[in-house]
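The next block holds one structure in the form of structure tokens; read it before the comments.
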Amino acid sequence: MKDLEGGPFLFIVNPNSGTGGYERFQKHIHALQGSSPFEVVTSKSPEHSIELARSAPSKGYKAVIAVGGDGSVHEIGVQLIGTETALGIIPTGSGNGISRHLGISNKVEEAVDELFAGKVRSIDTFEVNCAPSIGFCGSGIDAHVAKAFDEASERGFSNYVKLSIDAFSHYQPQFYTLLLDGKETIVQQAYTVVVANITQFGNNAYINPEGVDDDGLLDVIVVKDLPPTALMPLASRLFLNNIHKSKWVKTARAKRIELVTNHPVAYQIDGEPMPPTTMLTFEVKPGSLHVITP
């Protein structure tokens, strides 16, 4: 790691993430033993990962590498916010939205090699009702789908698509009121409101095509109430990287966002489902996380 000469580095591995990624990582990293000072720990639970990451800065680790999906990246990465210890990612999950945004290879062996030749830069993070987020937070149908996916026995992109289609068939749009930096107000009936610092959800589904992760601003993406006939064309725009150009989507930018709904609405942080609420406050934390990129 060009910017992290001397190490040491800590790899925290989620053995249950993805299909085959754990085995490929272990084989490849074993071949590199001795080339750099690093330690590999297989996590026993999310709580174990959190504790390992939380204690890493005080133990002198220059980088902590999350080997897993976006859930693992969130668990580990938020513990490093505001520290000098960098976050690295070896993606082995289903969507890998954060690593894809950072340009990290989805192939485990290539991602490991990129990591050891990588550079460190700083990105923004943000807080949602004082809880940390690295990439995005959605309130509405995407949170509904995140919860269903979290509880599903079947993983993978195809099941995520099935759950999304099913959700749109019966989900009722909600009325949202948003206050941006205490000035601009948006009132809109919408399927979802997403606040994002990165460009995509994962699987190259670009919810925030114009997102910049180090500009000190958060992007707001409002997917308005739309007729059933507009659903598939809008969904296709996620993968064409131009959803922001749809007439059914409204976007804005702000440092601080206050969101209020008439009824409790579920939300998700970095893909992790959270309990329903009627009020969310988002606040950007500029340059608060160091990340390793190719």
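The values are calculated or read from the model by the stated rules, or taken from the named source; none is laboratory data. Since this is a predicted model, take the numbers as computed values, not measurements. Here the Cβ is made from the backbone with ideal geometry for all residues, glycine too, and neighbour counts use every protein chain on show.
Across the stretch 53-70, not a single residue is classified as under 22 Å from Ser17 (Cα atoms), surrounded by fewer than 22 Cβ atoms within 10 Å (Cβ to Cβ) and touching a residue at least 40 places away in the same chain (Cβ under 8 Å).
Residues in the stretch 93-118 that are crowded, with 18+ Cβ neighbours inside 10 Å and part of a helix (DSSP H, G or I): 10 in all.
For every residue, the table says whether it meets (1) among the β-branched types (Val, Ile, Thr); (2) outside any loop (DSSP other than H, G, I, E, B); (3) not assigned by TED's automatic domain parsing to the domain that holds Val145.
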residue	(1), (2), (3)
Val41	yes, yes, yes
Lys44	no, no, yes
Leu52	no, yes, yes
Ile65	yes, yes, yes
Ser72	no, yes, yes
Gln79	no, yes, yes
Thr83	yes, no, yes
Leu87	no, yes, yes
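Tallying residues that are out of contact with any Ser or Thr (no Cβ under 6 Å at 6 or more places or on another chain) and crowded, with 22+ Cβ neighbours inside 10 Å within the stretch 119-136 yields 5.
Yes/no matrix, rows are residues, columns are (1) free of Cβ contacts under 8 Å to residues at least 60 places away in the same chain; (2) within 24 Å of Gly82 (Cα to Cα); (3) outside any strand (DSSP E or B); (4) among the basic types (Lys, Arg):
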| site | (1), (2), (3), (4) |
| --- | --- |
| Ile207 | no, no, yes, no |
| Leu238 | yes, no, yes, no |
| Lys250 | no, no, no, yes |
| Val260 | no, no, no, no |
| His263 | no, no, no, no |
| Thr278 | yes, no, no, no |
| Thr281 | no, yes, no, no |
| Val291 | no, yes, no, no |
